[in-house]
Amino acid sequence: MTTSTAPAGMDAAETQIKNLERDYLLQNYSRYPLVLRRGRGCWLWDVNGKKYLDWISGIGVNALGHAHPRIVRVIREQAALLVHCSNLYYHEFQGPLAKRIAETSGLQRCFFANSGTEAMEGALKIVKAHGNRTAPGKTEILSLENSFHGRTLGALAVTGQPKYRTDFEPLLPGVKFVPPNDEAALEAAVSDNTAGIVIEGIQGEGGIYPLAGSYIRRARDLADRYNALLVFDEIQCGVGRPGTHYSYQLLDPPVLPDVMVAAKPLACGLPLGVIAANEKAASAIGPGMHGSTFGGGPLACRVALEFFDILDELLPAIRRVGAYFRDRLEDLGKRYGFVKEVRGRGLMLGIELTMPGKQLVLDAMAEGLLINCTHDVVLRFLPPYIITEKEVDKGVRILKKLFNRISVAGAAL
Ligand SMILES: Cc1ncc(COP(=O)(O)O)c(C=O)c1O
């Protein structure tokens, strides 16, 4: 066992927290050096009382910001009534939430899980079961290069980024990866053996890359032609974040998947994931074929119902502030040669740089702005849906200060 001592000058309590994690946790996370204590709205405070503007919301989870009064009230009430009862019994909230998700998604039947990756596992089981009962050999799944679908073995098997997969191979057989937005490659890869096609409407972890509408339509057509299920991963790009309930509703006319998975913002920080499926896909799963002990408990479901009520009121603001945010980022980007592109929809935005973004994330944190960097070079912004134009301006001013610093340093070289 390692003994831990606080380096001189560091806050002792903070150091103790970090040392305990160093000594007792798997060393899989490389955390930023920040210990958070509380939040309100779009703001967070660390253990030393320093304030931060939250533009990442726990990687797209705290959609209503922190300590939203309606969410706090519902959690308090429900925690005193019933937190968990398992799926052996009915409770008052799972049915109404499923109805709500069916109405917003256009997909009739839901299954509740506890995370994005667990929802994706269930979706893959639906795809496999659909293939097996349709024809022998119908076992293949098509997924996209640069995608991210989760860390469990099935979800990892359809994740098109070698850095997440390599250590755990061999993974699920029968998965083929095709380049995003290449309709000819998709058409060449699909066959009667394809059981499912899995896509993110906007690739998140892969660097905020929206898929072209024509590509999504072609995926729908090919899935229909070959009787494969079209699965949309809306875990990061859905549930209000793009300014519509789900990213496939950005298309006009919308394209409906057979199966949709969502998670992150659903229960505003309590773990909850969902699979929504049309009747055709849902009929592949019969009694006893899937389940979860925790999934869809009364506390998480009641919070999610409250969240959907608030989301209905917020969708126009997400579109308005999202467009404003994007304009401000584009204005900013035009002034600096190291900004390659601004991408995204609604409140899912990214700036691609011509250099690694990690140091910028640390510098932004020092200035009181929390952002993150994905794909090494893409600054990612997933702010709470309640963000205001003023809070956009505040963060953009910080980015401008940091970008100026880089320009000055570059000019001095
Ligand atoms: C598109 C997408 N799919 C799946 C996942 C996995 O979700 P979770 O971390 O809740 O398991 C993520 C997480 O970032 C994601 O962005």
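Check segment 170-189 and report whether any residue there is under 22 Å from the mean Cα position of the chain (by Cα), within 22 Å of Arg218 (Cβ to Cβ) and small (Gly, Ala, Ser).
Within segment 170-189 (the criterion being under 22 Å from the mean Cα position of the chain (by Cα), within 22 Å of Arg218 (Cβ to Cβ) and small (Gly, Ala, Ser)), the answer is no, since none of the residues qualifies.
Residue by residue, here is whether (1) within 16 Å of the ligand (Cβ to nearest atom); (2) under 17 Å from the mean Cα position of the chain (by Cα) holds:
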| site | (1), (2) |
| --- | --- |
| Cys110 | no, no |
| Ser115 | yes, yes |
| Ala119 | yes, yes |
| Leu124 | yes, no |
| Ala135 | no, no |
| Lys138 | no, no |
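Quick check: anything in segment 113-130 free of Cβ contacts under 8 Å to residues at least 24 places away in the same chain and open to solvent by 50 Å² or more (accessible area, probe 1.4 Å)?
The answer is no, given that none of the residues of segment 113-130 is free of Cβ contacts under 8 Å to residues at least 24 places away in the same chain and open to solvent by 50 Å² or more (accessible area, probe 1.4 Å).
Would you call Lys280 within 16 Å of the ligand (Cβ to nearest atom), open to solvent by 10 Å² or more (accessible area, probe 1.4 Å) and either modelled with pLDDT of 95 or more or among the acidic types (Asp, Glu) (or both)?
No.
Restricting to segment 113-130, what's the tally of residues that are among the polar types (S, T, N, Q) and either farther than 24 Å from Leu266 by Cβ or in a helix (DSSP H, G or I) (or both)?
Within segment 113-130, residues that are among the polar types (S, T, N, Q) and either farther than 24 Å from Leu266 by Cβ or in a helix (DSSP H, G or I) (or both) number 1.
Please go through segment 223-244 and give me each residue that is in a loop (DSSP other than H, G, I, E, B) and either buried (at least 24 other Cβ atoms within 10 Å of the Cβ) or within 15 Å of the ligand (Cβ to nearest atom) (or both), ordered by number.
Ala228, Glu234, Ile235, Gln236, Cys237, Gly238, Val239, Gly240, Arg241, Pro242
Just give me the residues in segment 186-211 being open to solvent by 40 Å² or more (accessible area, probe 1.4 Å) and either away from the ligand (no atom under 16 Å from the Cβ) or acidic (Asp, Glu) (or both), in sequence order.
Correct list: Glu187, Ala188, Asp192, Asn193.
Criterion first (at pLDDT 95 or above and more than 17 Å from Ile208 (Cβ to Cβ)) does Arg380 satisfy it?
No: the conditions fail for Arg380.
So, in segment 366-403, of the ones that are over 30 Å from Pro162 (Cβ atoms), without any contact (Cβ under 8 Å) to a residue 24 or more places away in the chain and not aliphatic (A, V, I, L, M), which residue ends up surrounded by the fewest Cβ atoms within 10 Å (Cβ to Cβ)?
Lys390
Just to be sure before I move on: is Gly269 within 16 Å of the ligand (Cβ to nearest atom), of a type in the set (Gly, Ala, Ser) and farther than 30 Å from Cys42 by Cα in the structure I sent?
No, not satisfied.
Condition test on Gly160, is it within 23 Å of Ala281 (Cβ to Cβ), open to solvent by 10 Å² or more (accessible area, probe 1.4 Å), within 14 Å of the ligand (Cβ to nearest atom) and touching a strand residue (DSSP E or B) at 6+ places or on another chain (Cβ under 8 Å)?
Spelling it out, Gly160 is indeed within 23 Å of Ala281 (Cβ to Cβ), open to solvent by 10 Å² or more (accessible area, probe 1.4 Å), within 14 Å of the ligand (Cβ to nearest atom) and touching a strand residue (DSSP E or B) at 6+ places or on another chain (Cβ under 8 Å).
Being touching a helix residue (DSSP H, G or I) at 6+ places or on another chain (Cβ under 8 Å) and exposed (fewer than 11 other Cβ atoms within 10 Å of the Cβ): is that true of Arg70 here?
No: the conditions fail for Arg70.
Looking only at segment 253-266, filter to residues that are more than 13 Å from the ligand (Cβ to nearest atom) and not in a strand (DSSP E or B); which one of those is surrounded by the most Cβ atoms within 10 Å (Cβ to Cβ)?
Filtering segment 253-266 for residues that are more than 13 Å from the ligand (Cβ to nearest atom) and not in a strand (DSSP E or B), the one surrounded by the most Cβ atoms within 10 Å (Cβ to Cβ) comes out as Pro257.
Could you list, in sequence order, all residues of segment 102-112 that are part of a helix (DSSP H, G or I) and open to solvent by less than 30 Å² (accessible area, probe 1.4 Å)?
Correct list: Ala102, Thr104, Ser105.
The values are calculated or read from the model by the stated rules, or taken from the named source; none is laboratory data. This structure is a prediction, so every number in the text was calculated from the model and none was measured. Backbone-built Cβ (ideal geometry, glycine too); neighbour counts: all protein chains shown. Accessible surface is based on the protein model in full, side chains and every heavy atom, while ligands, DNA and RNA are left aside. Shrake-Rupley method; radii C 1.70, N 1.55, O 1.52, S 1.80 Å.
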